[in-house]
Amino acid sequence: MYHRAEERAIVTYEIWGTVSRNLIAGFRTKAEALEAVREALRRHGEGYVETWLLAYEDENEDSSTVAAGIALLKLARSAAA
């Protein structure tokens, strides 16, 4: 995980809270981000992460949504299989 104050990777994956609109965490790889989603699921359950969004930010700082809500939960689970 990285923090914005640190030097960041050119391409990043970020987990955002869709209700709070706050950055929850940033990661250098999609695999790391999905592992964090799975860990949150294990610790706190679906209700805790169902309002999260996983975004991809490229080297130009253009963002796109990878998955959000239930789709993010399904993606995280399928990536673990």
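Brief remarks follow.
- Extension gain, R77 to D58: 0.36 nm times the residue separation minus the Cα-Cα distance gives 4.4 nm.
- Between 0 and 90°, nearest 10: helix 70-80 axis offset from the chain longest Cα axis: 90
- Electrostatic dipole magnitude of the range 12-80 [Cβ: Lys, Arg +1; Asp, Glu -1; Cα centre; debye, to 20]: 440
- Once you divide the Cα radius of gyration of the chain by 2.2 N^0.38 Å, the number left is 1.02.
- Protection proxy ranking of 66-74, 54-62, 29-37, by the mean of other Cβ atoms within 10 Å over each peptide's residues and highest first, is 29-37, 66-74, 54-62.
- Computed from label points 7 Å out along Cα-Cβ, the spacing between R42 and V19 is 2.5 nm.
- Degrees between helix 30-44 axis and first principal axis of the chain (Cα, 0 to 90, nearest 10): 40
- Available extension along the chain between T51 and K30 is 5.7 nm, counting 0.36 nm per residue and deducting the alpha carbon span.
Each value in this text was obtained by applying a stated rule to the coordinates, not by laboratory testing. Here the structure is a predicted model, which is why all the values come from computation and not from measurement. Note that we place each Cβ from the backbone using ideal geometry, even for glycine, and neighbour counts take in every protein chain shown.
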